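Report on the following structure.
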């Protein structure tokens, strides 16, 4: 699936003034998931990230060779409830598991971004869950809390990629905003590749809202 310029942020790639970042630490971490899948990541930390957060890049597979061209990259926003506790209210945990294996096979980078709850934080995300239980959808709940529908900014993700010499990527994501923001920061998205659809009875409305409200690439029954 080839990315198309479709929104105001994607019309002028590189329009943002993106300050430089540098790699500060590289460490090898063996990974093992609950289903038994195992691989090894080269985990990188950075100095100079614009938001001051402790984001990570995980080099997977033959990533050092892959970054010489257009590596497979997934920017994955932290989700404690889904990534760690296996919450069925979202698809984050299964997406993380899928992404690690696909990137390890192809060679590339997983960017683990500390942007819990679309950038509003863990407690606010749980407050939003309470509002969803009262009938609001995932975006309406954020707005009802006085927050943006999605407050994530991917400038730091672009800084991490550029610090590694990566200015072209194949993006593993269903979210068109990630592609638009990266392109606006000077990272060319050569291709946008959807993840799988990780559907459960508890997340059907959540996924459907992402597909209809923010044009996520999700092939769902009835849509």
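The values are calculated or read from the model by the stated rules, or taken from the named source; none is laboratory data. The model shown is predicted, which means the values in this text are computed figures rather than measured ones. Cβ atoms come from the backbone with ideal geometry, glycine included; neighbour counts cover every protein chain shown.
Find all pairs meeting these conditions: Cβ atoms under 8 angstrom apart; at least six residues apart or on different chains; first residue within the range 191-212 and within 19 Å of residue 117 (Cα to Cα); second residue modelled with pLDDT of 70 or more and part of a helix (DSSP H, G or I).
Listed pairs, sorted by first residue: 198/94; 198/95; 198/98; 206/138; 209/138; 209/139; 210/138.
For the range 153-163, name all the residues that are assigned to a loop (DSSP other than H, G, I, E, B) and surrounded by fewer than 19 Cβ atoms within 10 Å (Cβ to Cβ). Even if it seems obvious, please write down each step before you answer.
Of the residues in the range 153-163, the ones assigned to a loop (DSSP other than H, G, I, E, B) are 153-154.
Once the filter is applied, which keeps residues that are assigned to a loop (DSSP other than H, G, I, E, B) and surrounded by fewer than 19 Cβ atoms within 10 Å (Cβ to Cβ), the range 153-163 yields only 153.
Name every residue in the range 115-135 that is in a loop (DSSP other than H, G, I, E, B) and surrounded by fewer than 16 Cβ atoms within 10 Å (Cβ to Cβ), in order of residue number. Full working, then the answer.
Within the range 115-135, the first condition is being in a loop (DSSP other than H, G, I, E, B), and the residues that meet it are 115-121, 134-135.
Listed by number, the residues that qualify are 121, 134, 135.
Does residue 61 satisfy being in contact with a strand residue (DSSP E or B) (Cβ under 8 Å, 6 or more places away or on another chain), surrounded by 20 or more Cβ atoms within 10 Å (Cβ to Cβ) and on the phi > 0 side of the Ramachandran plot? If you could, list the steps in order and put the result at the bottom.
On the way: in contact with a strand residue (DSSP E or B) (Cβ under 8 Å, 6 or more places away or on another chain): yes; surrounded by 20 or more Cβ atoms within 10 Å (Cβ to Cβ): yes; on the phi > 0 side of the Ramachandran plot: yes.
For residue 61, the condition - in contact with a strand residue (DSSP E or B) (Cβ under 8 Å, 6 or more places away or on another chain), surrounded by 20 or more Cβ atoms within 10 Å (Cβ to Cβ) and on the phi > 0 side of the Ramachandran plot - is met.
Just to be sure before I move on: is residue 134 in contact with a helix residue (DSSP H, G or I) (Cβ under 8 Å, 6 or more places away or on another chain) and over 20 Å from residue 74 (Cβ atoms) in the structure I sent?
Working: in contact with a helix residue (DSSP H, G or I) (Cβ under 8 Å, 6 or more places away or on another chain): no; over 20 Å from residue 74 (Cβ atoms): yes.
Criteria not met by residue 134.
Pick from the range 164-207 the residues that are assigned to a loop (DSSP other than H, G, I, E, B), in contact with a helix residue (DSSP H, G or I) (Cβ under 8 Å, 6 or more places away or on another chain) and at pLDDT 90 or above: which of them is farthest from residue 24 (Cα to Cα)?
Checked the range 164-207; the qualifying residue farthest from residue 24 (Cα to Cα) is 173.
Right, residue 217: surrounded by 15 or more Cβ atoms within 10 Å (Cβ to Cβ), under 30 Å from residue 20 (Cα atoms) and modelled with pLDDT under 95 or not? Step through it out loud before you land on a result.
Working: surrounded by 15 or more Cβ atoms within 10 Å (Cβ to Cβ): yes; under 30 Å from residue 20 (Cα atoms): no; modelled with pLDDT under 95: yes.
The answer is no for residue 217.
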